[in-house]
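Accompanying notes for the structure given below.
The values are calculated or read from the model by the stated rules, or taken from the named source; none is laboratory data. These numbers were taken from a predicted model, which means no experiment stands behind them. Note that each Cβ is placed from the backbone with ideal geometry, even for glycine, and that neighbours are counted across all protein chains shown.
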Ligand code: KG4
Ligand code: ZN
């Protein structure tokens, strides 16, 4: 089985071919990602109209490149899977309409994929993980802990009540005059800073409600920066280090709670695992905090390679394969209308105030 995947929900234009052979591990035959960072850098964030236009311009070539890299003709593909939400609606329309056109013209099956499902199932593509497991998704648009029980069977255990974690990194960077995207630059500056200089709050730490919050921390950073302005390079480094350590601490507290709950809900699970996904998972301080936490709770820590943690189309193609295998492909996909909001778990109520951008996952 071979599936062509298309991803255009935010600022990456991506296409990929993933194959699965009977009795063998799945294979990523190609994985082409074009980042639009340069187009958006001047604005300090993703501009939806620019993103949609850039997808229109690039997508055909990216799909051609993905097929060529995989040495695959369209005729050899079994289905076309495209991200249909959640995300910036302009980009979603570009990707899904292109996929519909390809499917209609070639007579292939169409799969309308939830981007979050792509992130949720990646660890099965890379590590062959079996259900159930926990997913921590930390990106520019989402901060969630999700119980992954099966294909199409997800339960959100925690989400942010205000900013996403990547957003908090990006806003902190902007306040301190560091370039976009802020996360990597905050991490770089933090390496030279003193994490104990500023006692920033650890939002939600110790609370019985399972969710995340980062806006109070952002405010504390702003106050600290204003009170000692003008900032020297050392001040910036110290603020970044103190911010990062507050984030890791708060995140660790929330995740520890979920690990304990998983143990209670699945006492017989022999190899419980925590998977991380999203751009923030690249952060070394956060990674090492999670690694230690997993070790002390007897959990396996699974971090797919960086290129598969951030937005890509291999995860979309793979989610398509998983859906086909599980007999869960939607026969009405050709009528699917892109959804800018599309929770993985329709049971958990939306959290008021969450997802300011709501676009990235
Ligand atoms: O998953 P991603 O590439 O895109 C989406 O949000 O969908 O995540 C991007 C986010 C940005 O907010 C970026 O600042 C953050 O991930 N990020 C980091 C690091 N690398 C990227 N945050 C902290 N430390 C990093 N090393
Ligand atoms: Zn994403």
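Side notes on the structure shown:
- With respect to the conditions (1) within 30 Å of residue 219 (Cα to Cα); (2) away from ligand 2 (no atom under 16 Å from the Cβ); (3) surrounded by fewer than 24 Cβ atoms within 10 Å (Cβ to Cβ), residue 203 falls short on a single one, namely (3).
- Tally, over segment 1-35, of residues that are more than 14 Å from ligand 2 (Cβ to nearest atom), farther than 18 Å from residue 79 by Cβ and without any contact (Cβ under 8 Å) to a residue 60 or more places away in the chain: 3
- Residues that are within 16 Å of ligand 2 (Cβ to nearest atom) and in contact with a strand residue (DSSP E or B) (Cβ under 6 Å, 6 or more places away or on another chain) within segment 282-308 comprise just one, 303.
- Failed item in (1) in contact (Cβ under 8 Å) with a residue 24 or more places away in the chain; (2) surrounded by fewer than 18 Cβ atoms within 10 Å (Cβ to Cβ); (3) in a loop (DSSP other than H, G, I, E, B), with residue 208 passing the rest: (1)
- Residue match in segment 72-79 (condition: over 22 Å from residue 111 (Cβ atoms) and touching a strand residue (DSSP E or B) at 6+ places or on another chain (Cβ under 9 Å)): no
- Count of segment 289-330 residues, restricted to those that are in contact (Cβ under 8 Å) with a residue 40 or more places away in the chain, within 16 Å of ligand 1 (Cβ to nearest atom), in a helix (DSSP H, G or I) and touching a helix residue (DSSP H, G or I) at 6+ places or on another chain (Cβ under 8 Å), is 8.
- Hey, residue 155 at pLDDT 95 or above, touching a strand residue (DSSP E or B) at 6+ places or on another chain (Cβ under 6 Å) and farther than 16 Å from residue 276 by Cβ or not: yes
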